[in-house]
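Undergrad: Just dropping this structure here.
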Amino acid sequence: MDAIKMLKKQHREVEALFKELEKAKSANPRRKVFEKLADALAVHATIEERHFYPAAKKKQTEEMVLEAAEEHLEMKRVIADLLELEPSDPVFMAKVSVLKEDVMHHVEEEEGELFPKVQKLLEDEELEAIAAAMQETAEVLQREGVPRMSVPSETSEAAHV
Ligand SMILES: [Fe+2]
């Protein structure tokens, strides 16, 4: 598995969770799906920030990578808001819509601009090594507890990548 394939696969999983969340009609299933989604986004953001962005940040991609990290910050702020809301709150699904728009925009930019550039700039072996590092960190985060709970502490500034 290479890093770009792995990240794209996670994007598809996140999209599926948004669809599932929009279909959930009551508070309990909404809470369950949202928790899954928030964990997936938290893990995805962390492994990108820790392993993918630093490796992908070259002269030609620096602007894109910095923008991506700022977009992560925006998403984390919405996730932090959502963690404090009850799914029965009328504002909950409104914020879910904003989060979905943020995520979709971010995914489009990554898959349309950043990933194709990185694919050209890095060797296959590098992409495989990044994937292995991301996989390892993802497993640690999932084993250590509840990935979404670290999001509120990451909302003051964008990750340094
Ligand atoms: Fe990202």
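The values are calculated or read from the model by the stated rules, or taken from the named source; none is laboratory data. Just so it is clear, the structure is predicted and the values come from calculations on it, not from any experiment. So basically every Cβ, Gly included, is an ideal-geometry build from the backbone, and we count neighbours across all protein chains shown. Please note that ligands, DNA and RNA were not included when accessible areas were found on the heavy atoms of the full protein model with its side chains. Shrake-Rupley method; radii C 1.70, N 1.55, O 1.52, S 1.80 Å.
Undergrad: Assuming residue 75 fulfils every condition listed in (1) open to solvent by 60 Å² or more (accessible area, probe 1.4 Å); (2) within 11 Å of the ligand (Cβ to nearest atom); (3) closer than 28 Å to residue 145 by Cα apart from one, which condition is it?
TA: For residue 75, the failing item is (1).
Conditions (1) surrounded by 15 or more Cβ atoms within 10 Å (Cβ to Cβ); (2) of a type in the set (D, E, K, R); (3) in contact (Cβ under 8 Å) with a residue 60 or more places away in the chain, marked per residue:
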residue: 102; (1), (2), (3): yes, yes, no
residue: 120; (1), (2), (3): no, yes, no
residue: 123; (1), (2), (3): no, yes, no
residue: 138; (1), (2), (3): yes, no, yes
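Undergrad: Further question on the same structure: With respect to the numbered conditions (1) open to solvent by 10 Å² or more (accessible area, probe 1.4 Å); (2) at pLDDT 95 or above; (3) more than 16 Å from the ligand (Cβ to nearest atom), which one is the sole condition not fulfilled by residue 27?
TA: In the conditions (1) open to solvent by 10 Å² or more (accessible area, probe 1.4 Å); (2) at pLDDT 95 or above; (3) more than 16 Å from the ligand (Cβ to nearest atom), residue 27 misses (2) alone.
Undergrad: Would you mind stating whether residue 113 is under 19 Å from the mean Cα position of the chain (by Cα) and within 12 Å of the ligand (Cβ to nearest atom)?
TA: Values: under 19 Å from the mean Cα position of the chain (by Cα): yes; within 12 Å of the ligand (Cβ to nearest atom): no.
The answer is no for residue 113.
Undergrad: Looking only at the stretch 144-161, which residues are modelled with pLDDT of 95 or more, open to solvent by 80 Å² or more (accessible area, probe 1.4 Å) and part of a helix (DSSP H, G or I)?
TA: Within the stretch 144-161, 149, 153 qualify.
Undergrad: Same structure again: Evaluate the following for residue 35: is it more than 15 Å from the ligand (Cβ to nearest atom), assigned to a helix (DSSP H, G or I) and either of a type in the set (Phe, Trp, Tyr) or over 14 Å from the mean Cα position of the chain (by Cα) (or both)?
TA: Numbers: more than 15 Å from the ligand (Cβ to nearest atom): yes; assigned to a helix (DSSP H, G or I): yes; either of a type in the set (Phe, Trp, Tyr) or over 14 Å from the mean Cα position of the chain (by Cα) (or both): no.
No.
Undergrad: Also: Taking residue 18 and the conditions (1) open to solvent by less than 10 Å² (accessible area, probe 1.4 Å); (2) closer than 27 Å to residue 121 by Cα, which numbered condition does it fall short on, given that it satisfies the others?
TA: (2)
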